[in-house]
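Everything on this sheet refers to the single structure shown next.
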Amino acid sequence: MGRFHRHDDGTAHEHDHPQGHDGTPEHEHSHLGDGARHDPQHGDGAGLIGREEHLGDHSAYETGRERIEVLERIFDENDRTAAANRADLLHHGVCAVNLMSSPGAGKTTLLRETLRRLAGTVRVGVIEGDIETSLDADRLTGFGAEITLVNTGNGFGGECHLDAPMVRSALPRLPLSELDLVLIENVGNLVCPAEFDVGEHARAMIYSVTEGEEKPLKYPVMFRSSDLVVINKIDLLPHLDFDLELFRANLRKVNPTVTTIDVSARTGDGVDAWCAWLGSQLAGSRQPAASVQ
Amino acid sequence: MHELSICGSIAEIVTRRANGRPVDTIHVRVGQLRQVVPDTLVYCWTVVSADTALDGSRLELENIKARIKCRTCDGLSDLGDYPIMLCGTCDSADVEVVAGEEFLITALELAEV
Ligand SMILES: Nc1nc2c(ncn2[C@@H]2O[C@H](COP(=O)(O)OP(=O)(O)OP(=O)(O)O)[C@@H](O)[C@H]2O)c(=O)[nH]1
Ligand SMILES: [Mg+2]
Ligand SMILES: [Zn+2]
């Protein structure tokens, strides 16, 4: 599972008032586990707690308007649905991998090569998150995989990501009991998909060497939330002044433990290693403890 | 533009909590590691709330800086503009995020009727 999952369970902490008014350390910070490590000698509770900046005024406190405490996570609904998806997949012994990338990094091409190689050994279903068209799905037919399209085109030119309810609506269209692996092609977008857990067991990001070495620093959330980064289009390296080691160094800065695989979906280089990684995820997802995080 | 669908989730929570009472201000806590563009979120809220019971309410955002804690030396570091996951004290990469991933509605203020 990605490391970037919600810990924002309201993790109640009191404001870290710089002047430390009355000093009573009655603040609670329920960041699991580390509460025990916190030693009250620090006094001001600055310890584990991010400083907060209040934007805007506090006039509301003076007007006596009625205030309702809420403390509800905005992704709660999505995450509950994601948990339901994960449970259904687990129930059928299916491993799901969420493929994310910027537009055109090579998700569909890699999927095609993957289906070609896994045909006859691993039973694969694909959920295609193409915004408006079935173009990508059409490229994936003919390898015996079950393909279903998620229509993300609702309003404002289509969604920029898949969310858990969209994947939930797609699951019944796949014969889960006859599948081993579900590959989810997310919408091509370097920002939004990373925010939405869809119930996958692992996240893989496809990064193309045409994108520039600094991308992990500029778009850290997706790089950080991925279990694996596929470095694609390495066949183009001789034609680019791309510094692969600099890219890896930047990637490690935001995600020190991530695995990478160098691939060319065009020539087939590295695709077997990618398939082996998928195989390891499949094996891992069948051990009950593996999917818990 | 996932801000739009996020505003849909906010509307759902606020509608349920307000339970028919008019809402003036919605307090939202956003960690630095969230990819939420504040201006976009505020703008999308006007779009999503228009012509609903929440029309005229506004979002007030409270930003939380990102912080990491080192598992090697227990040191705490603030993250700068780039979320580089290295301990500011001992350079260890064995760190955990302790603040900055928040994204929640903390409170509502009701409008005076
Ligand atoms: N040279 C080279 N080109 C590649 C490689 N992989 C994909 N491409 C090309 O890159 C272009 C985009 O590939 P897609 O597979 O459609 O990318 P995608 O990530 O599915 O794109 P969206 O779904 O639109 O986000 C196509 O022209 C592919 O032929 C590769 O390894 N090497
Ligand atoms: Mg595609
Ligand atoms: Zn350290």
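Annotations for the structure displayed:
- Filtered residue count, the stretch A:101-115, keeping only those that are part of a helix (DSSP H, G or I) and either of a type outside the set (D, E, K, R) or more than 8 Å from ligand 2 (Cβ to nearest atom) (or both): 8
- Hits in the stretch A:206-238 - residues which are closer than 26 Å to residue A:73 by Cα and either away from every other protein chain (no Cβ under 14 Å) or away from ligand 1 (no atom under 14 Å from the Cβ) (or both): A:218, A:219, A:220, A:221, A:223, A:224, A:225, A:226, A:227
- Scope the stretch B:50-103; condition under 30 Å from residue B:18 (Cα atoms), of a type in the set (Asp, Glu), out of contact with any helix residue (DSSP H, G or I) (no Cβ under 8 Å at 6 or more places or on another chain) and not in a strand (DSSP E or B); matching residues: B:51, B:101, B:102
- Scanning the stretch A:257-271 for residues that are charged (D, E, K, R) and either touching a strand residue (DSSP E or B) at 6+ places or on another chain (Cβ under 8 Å) or at pLDDT below 95 (or both) yields A:262, A:269.
- Some residue of the stretch A:272-279 being modelled with pLDDT of 95 or more and buried (at least 20 other Cβ atoms within 10 Å of the Cβ): yes
- Selection status of residue B:10, closer than 18 Å to residue A:67 by Cα and more than 8 Å from chain A (Cβ to nearest Cβ): no
- Taken over the stretch A:78-113, the criterion of being within 11 Å of chain B (Cβ to nearest Cβ) and either out of contact with any helix residue (DSSP H, G or I) (no Cβ under 6 Å at 6 or more places or on another chain) or at positive phi (or both) is satisfied by A:79 alone.
- Within the set B:91, B:55, B:24, the sole residue that is within 16 Å of ligand 3 (Cβ to nearest atom) and not aromatic (Phe, Trp, Tyr) turns out to be B:91.
- Listing of helices (runs of 4 or more DSSP H) fully contained in the stretch A:121-236 that carry 2 or more residues being surrounded by fewer than 20 Cβ atoms within 10 Å (Cβ to Cβ) and assigned by TED's automatic domain parsing to the domain that holds residue A:259: A:135-138, A:164-170, A:215-218
- Of residues in the stretch B:97-113 being among the charged types (D, E, K, R) and farther than 25 Å from residue A:220 by Cβ, the one surrounded by the fewest Cβ atoms within 10 Å (Cβ to Cβ): B:112
- Restricted to the stretch B:58-87, and to residues there that are under 19 Å from residue A:216 (Cβ atoms) and of a type in the set (Gly, Ala, Ser), the residue that is nearest to ligand 1 (Cβ to nearest atom) is B:66.
- Only one entry of A:273, A:249, A:265 meets the criterion of being more than 16 Å from ligand 3 (Cβ to nearest atom) and not in a helix (DSSP H, G or I), and that entry is A:265.
- Subset of the stretch B:82-113 (residues that are under 17 Å from the mean Cα position of the chain (by Cα) and without any contact (Cβ under 8 Å) to a residue 40 or more places away in the chain): B:98
- In the stretch B:88-110, residue nearest to ligand 1 (Cβ to nearest atom) [restricted to those that are more than 7 Å from chain A (Cβ to nearest Cβ) and not acidic (Asp, Glu)]: B:97
- The set of residues in the stretch B:1-34 that are in a loop (DSSP other than H, G, I, E, B) and surrounded by fewer than 17 Cβ atoms within 10 Å (Cβ to Cβ) comprises B:19, B:20, B:21, B:22.
- Tabulated pairs, the stretch A:259-275, first without any contact (Cβ under 8 Å) to a residue 12 or more places away in the chain and among the aromatic types (Phe, Trp, Tyr), second surrounded by fewer than 17 Cβ atoms within 10 Å (Cβ to Cβ) and in a loop (DSSP other than H, G, I, E, B), C-beta under 6 angstrom, 6+ apart or interchain: none
The values are calculated or read from the model by the stated rules, or taken from the named source; none is laboratory data. All values reported here derive from a predicted model rather than from experimental measurement. No Cβ is skipped: glycine too gets one built from the backbone with ideal geometry, and neighbour counts run over all protein chains shown.
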